[in-house]
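Right, one structure below, let's go through it.
The values are calculated or read from the model by the stated rules, or taken from the named source; none is laboratory data. Values in this document were obtained by computation on a predicted structure and should not be read as measured data. We place every Cβ from the backbone using ideal geometry, glycine too, and count neighbours over all the protein chains shown.
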């Protein structure tokens, strides 16, 4: 067996440009909704005596098959370490040989935001320029980049549990074309915003539906378990809700499941999968006043599409 090339985080960030990844995620989700790619539900096991968990996500795409393997240690941030670490192993479809090993956290950071960018490009109003960022970590940085790729963002309001960290984020990202400010409450960030990106570690709602402006678009990204959520039931009831993969959402998306449990919507109320919007088989925004919402969970097809792209671009 020949040596398997390893692509580190610096290489990933250099090669996987946000604008290209947005197109890649749109194509991947459209293929999923057409039934051309069928990712299995991810599998998690506790490890190290319950200290952490391991996620195992195999999958097959037209370009490659492989698996993403991650460790999840909730206590790591307090030690100055990433909570999620891992890698993506890609195999050749013709020979079955492993062809590339790619650092996984950097891929996740970019492709998650790119998927939100693709959804925003299809669902947000063309003139959307005021962005609320709920969170100030890696996903806040990549989501800010993704939103700027698809809409003329001029004002950004950042909120998180630490005002000091939000202020540092704001100072680091303000430029001549965009004003970024830290706010003390999530309500301040959301009120009147055209786009809301929730990329927090919250387990209880930080978005209240009554605070959302008519016509806004919401990306829910931070929560991915059936018992946690970033938006309340009123948010889900007011919005035209699009899933990434509906079967996955009905097992893992607490934002949706808890709103259904509370009677704010039913599964039949879901507008459809975002990939079906991308390929034109499901209608997206229907009016200027629609509140549209994309519930992100992430899936291995996105990881494999990104990983295959990185390996291909690097070879070229």
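Hey, does the range 43-55 have a residue that's touching a helix residue (DSSP H, G or I) at 6+ places or on another chain (Cβ under 6 Å) and outside any helix (DSSP H, G or I)?
Looking only at the range 43-55, we keep the residues that are touching a helix residue (DSSP H, G or I) at 6+ places or on another chain (Cβ under 6 Å), and these are none.
Scanning the range 43-55, I find no residue that is touching a helix residue (DSSP H, G or I) at 6+ places or on another chain (Cβ under 6 Å) and outside any helix (DSSP H, G or I), so the answer is no.
Would you pick out the residues in the range 152-172 that are within 18 Å of residue 194 (Cβ to Cβ) and either in contact (Cβ under 8 Å) with a residue 40 or more places away in the chain or in contact with a helix residue (DSSP H, G or I) (Cβ under 8 Å, 6 or more places away or on another chain) (or both)?
The answer is 153, 156, 157, 158, 159.
Which fully enclosed helices (runs of 4 or more DSSP H) of the range 138-200 have 2 or more residues being within 20 Å of residue 216 (Cβ to Cβ)?
Details: elements: 138-150, 163-173, 186-190.
Correct list: 138-150, 186-190.
Looking at residue 242, is it in a loop (DSSP other than H, G, I, E, B) and buried (at least 18 other Cβ atoms within 10 Å of the Cβ)? Before you say what the answer is, go through the steps one by one.
Working: in a loop (DSSP other than H, G, I, E, B): no; buried (at least 18 other Cβ atoms within 10 Å of the Cβ): yes.
It is false that residue 242 is in a loop (DSSP other than H, G, I, E, B) and buried (at least 18 other Cβ atoms within 10 Å of the Cβ).
Kindly indicate whether any position in the range 259-273 is without any contact (Cβ under 8 Å) to a residue 40 or more places away in the chain, over 15 Å from the mean Cα position of the chain (by Cα), under 24 Å from residue 139 (Cβ atoms) and in a helix (DSSP H, G or I).
Checked against the condition, which is being without any contact (Cβ under 8 Å) to a residue 40 or more places away in the chain, over 15 Å from the mean Cα position of the chain (by Cα), under 24 Å from residue 139 (Cβ atoms) and in a helix (DSSP H, G or I), the range 259-273 yields at least one hit.
Report whether or not residue 214 is touching a residue at least 60 places away in the same chain (Cβ under 8 Å) and surrounded by fewer than 24 Cβ atoms within 10 Å (Cβ to Cβ). Full working, then the answer.
On the way: touching a residue at least 60 places away in the same chain (Cβ under 8 Å): yes; surrounded by fewer than 24 Cβ atoms within 10 Å (Cβ to Cβ): yes.
Judged against the criteria, residue 214 is a match.
Got at least one residue in the range 119-130 being outside the structural domain of residue 150 (by TED's automatic domain parsing), in contact with a helix residue (DSSP H, G or I) (Cβ under 7 Å, 6 or more places away or on another chain) and buried (at least 24 other Cβ atoms within 10 Å of the Cβ)?
Narrowing the range 119-130 to residues outside the structural domain of residue 150 (by TED's automatic domain parsing): none.
No, the range 119-130 contains no residue that is outside the structural domain of residue 150 (by TED's automatic domain parsing), in contact with a helix residue (DSSP H, G or I) (Cβ under 7 Å, 6 or more places away or on another chain) and buried (at least 24 other Cβ atoms within 10 Å of the Cβ).
Quick one: which residue in 30, 67 is assigned to a helix (DSSP H, G or I) and either in contact (Cβ under 8 Å) with a residue 12 or more places away in the chain or touching a strand residue (DSSP E or B) at 6+ places or on another chain (Cβ under 6 Å) (or both)? Give the steps one after another, and end with the answer.
Values: 67 fails: assigned to a helix (DSSP H, G or I).
On inspection, the qualifying residue turns out to be 30.
Give me the residue from the range 1-27 that is out of contact with any strand residue (DSSP E or B) (no Cβ under 9 Å at 6 or more places or on another chain) and not in a helix (DSSP H, G or I) and, out of that set, surrounded by the fewest Cβ atoms within 10 Å (Cβ to Cβ).
Ranking the candidates gives 3 first.
It is to be established whether one or more residues within the range 290-308 are in contact (Cβ under 8 Å) with a residue 12 or more places away in the chain and more than 27 Å from residue 109 (Cα to Cα).
Let us first name the residues in the range 290-308 that are in contact (Cβ under 8 Å) with a residue 12 or more places away in the chain, namely 290-308.
Now restrict to residues that are more than 27 Å from residue 109 (Cα to Cα): 290.
For the range 290-308, residues in contact (Cβ under 8 Å) with a residue 12 or more places away in the chain and more than 27 Å from residue 109 (Cα to Cα): present.
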